[in-house]
Amino acid sequence: MAAPRGEFSSKLGFIMAAAGSAVGLGNIWGFPKEVASNGGAAFLIIYLAMAFLIAYPALMAELIIGRHAKANPVEALKVIANSDTSRTVGVVTGFAGISTACLILSFYAIIAGWMASNILASLSDMVGMAGLSTWFASDSIERSLLFTAVFMALTISIITAGVKDGIEKWCSRLMPSLLVILALLIVYVMTLDGAMDGVKAYLLPDFSRVMSPDLYISAMGQAFFSLSLGVGTMLIYGSYIPDEGNLVSLGRAVTIVDISIAFIAGLLIIPAMYVALNNGVQIYDANGALLAEDSLIFVVLPELFASMGGAGTFASLAFFVLMSLAALTSTISILEVPVAYTTENHKVGRKPATVIIGVAIFLLSTVLIYNFEVLFGLIVSVATQYGEPLVGLMMCIFAGWIFHRNELLKEIQKGHDGAEHGLFWKIWPNYVRFIVPAAILIIFSRKFFA
């Protein structure tokens, strides 16, 4: 018997859940590296423009389609389809989004497991168990398998509880905790030598980079990725918004929270990188480019923490708790994508559906762990560089070209009296019809022709 559809019980609950989905490892380690590699505040300025002018309209497309259909991506796109062809394309697009979500979760859970194991490494250091700490921080198949399983089990337990008692409840707890830890770490890092050099590198723009096409492409890509677009997550979360909710203000709030946390994360990671450099830790490769994100997180920052003595152990613990919370708020939303489809389309209860899908994705993660060098990078590339842009493109095409404009307006008017006279309605339909698809195509084509 299919589980009844849930709903978010409050505006804050939706914002925390949607922001939790958007705020993940990409914001906390990916965004700062993009800023540091692309002209500092010059990238930040362009990113802000792209987030509001491009990514926000795309986010609204998913939210509006989701609430209108009250269904998962496959069924939602069928609901708004206006022909047999568009229904077929909608089904293919929905399944592509679900498949992309599963692929993302398969590698994301591995990385999240590494974050969790580093928490135990820090705790082991605190109690003088150096050997155990080394194992928790080591790169081994056994460690990856164990902590991927632990993280998937935690994600499964939350999704099993449903929308209100699972997703909303836990994201409303995790997000404030994440923000508190982030703020405390920033305060601490700012007291260290070298931090102000990082602040300058972050906030002082290199305007010589503003004319670089790569900067705009990177900024658009980061905006789409950080808002969880292109996998159906926001469409499903939109389907859980009550009719009295104001979609325009809710979407705007999620966008503001997401980019704010990305900005704040930059105030931690980039100064911390320069503190590490001041302490003799290498942050650049032989070609003068910043090290890759995984090297920065699992090599550079641990070396920095180790150089701080006892205070560094506490800083390391807080940092990896922060990263684990960010990862968990994202894995929750990703797993909900295939679970929502299974419970609604195949008359399976939420608990068995969540367990079966969660175990299946863990088995896929296991394959990646045992074939890491060959498959891990390939899956990351297929999911994030190809799957997300293509699914995001199709969502915008459905919203802009297939979804009847009168139905669009009616959906926006729910909870928003006078929406037809507002600036959003005057601008958004053409944006999502022409500008956003063009932007996604530019990003996608860059992957082929870069």
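List of remarks:
- Nearest-0.05 FRET efficiency for Met129 and Lys426, computed from C-beta distance (R0 51 Å): 0.25
- Here the Karplus relation 6.51 cos²θ - 1.76 cosθ + 1.60, evaluated at θ = phi - 60°, turns the backbone of segment 36-41 into coupling constants of 5, 8, 10, x, x, 5 Hz, with x for every Gly and Pro.
- Taking a ≥ b ≥ c as the square roots of the eigenvalues of the Cα gyration tensor, an a/c ratio of 1.5 or more together with a/b no larger than b/c marks segment 179-263 as oblate.
- Taking 22 Å as the straight-line reach from the Cα of Lys347, the lysines in range (excluding those fewer than 8 positions away in the same chain) are Lys70, Lys78, Lys164.
- By the beta-carbon count within 10 Å of each Cβ, the least crowded to most crowded order of Glu388, Glu142, Glu62, Glu75, fewest first, is Glu142, Glu75, Glu388, Glu62.
- Residue-wise HN-Hα coupling along segment 380-390, computed from phi with Karplus coefficients 6.51, -1.76, 1.60 (Hz; x: Gly, Pro): 4, 5, 4, 6, 8, 8, 10, x, 4, x, 5
- Between Val180 and Phe207, the contour length at 0.36 nm per residue exceeds the alpha carbon distance by 6.4 nm.
- Arranged from fewest to most other beta-carbon atoms within 10 Å of their beta carbon, Ile65, Ile357 become Ile357, Ile65.
- Sites listed here are GluC sites (Glu not before Pro) in segment 392-434 whose DSSP assignment is loop and whose Cβ has at most 11 other Cβ atoms within 10 Å, and the list is empty.
- Coupling constants for segment 320-335 follow from the phi torsions by the Karplus curve (6.51 cos²θ - 1.76 cosθ + 1.60, θ = phi - 60°), and in residue order they are 6, 5, 4, 5, 5, 5, 4, 5, 5, 4, 7, 5, 4, 5, 5, 5 Hz; glycine and proline get x.
- Gyration tensor (alpha-carbon) shape descriptor, segment 200-249, a/c threshold 1.5: prolate
- Seen from all directions on average, segment 11-449 presents a Cα convex hull projection of 20.6 nm².
- Look at where the Cα atoms of segment 394-447 and of segment 54-121 average out, and the two centres are 18 Å apart.
- Mean ellipticity per residue at 222 nm, deg cm²/dmol - from DSSP H runs of n ≥ 4 across the chain, formula -39500 (n - 2.57): -22500 deg cm²/dmol
- Projecting the Cα positions of Thr313, Gly232, Gly128 onto the charge dipole of the chain (unit charges on Cβ atoms of Lys, Arg, Asp and Glu, taken about the Cα centre) puts Gly232 furthest along the positive direction.
- Stretching the chain fully between Gln413 and Val92 yields a gain of 112.6 nm (0.36 nm per residue, less the alpha carbon separation).
- Fully extending the segment from Tyr386 to Ala286 would add 33.0 nm, taking 0.36 nm per residue of separation and subtracting the current Cα-Cα distance.
- Ordering Ile217, Thr342, Pro271 by Cα displacement along the dipole of the chain toward the positive end leaves Thr342 in first place; charges were set at the Cβ atoms of Lys, Arg (+1) and Asp, Glu (-1).
- The label-point distance for Ala360 and Phe434, in a model that sets each label 7 Å from Cα toward Cβ, rounds to 4.2 nm.
- Neighbour counts of C-beta atoms inside 10 Å place Val92, Val300, Val339 in the sequence Val92, Val300, Val339, starting with the fewest.
- Selection among Pro302, Ser365, Asn38 by position relative to the dipole of segment 11-449 gives Ser365 as farthest towards the positive end (Cβ unit charges, Cα centre).
- Anisotropy class of segment 66-113 from Cα gyration tensor, a/c 1.5 cut: oblate
- Rounded to the nearest 20 debye, the dipole magnitude of the chain is 1000 debye, with +1 charges on Lys and Arg beta carbons, -1 on Asp and Glu beta carbons, and the Cα centre as origin.
Any read-out appearing in this document is the output of simple, stated calculations on the displayed coordinates, not a laboratory observation. Because the structure is a prediction, the values reported are computed rather than measured. Here the Cβ is made from the backbone with ideal geometry for all residues, glycine too, and neighbour counts use every protein chain on show.
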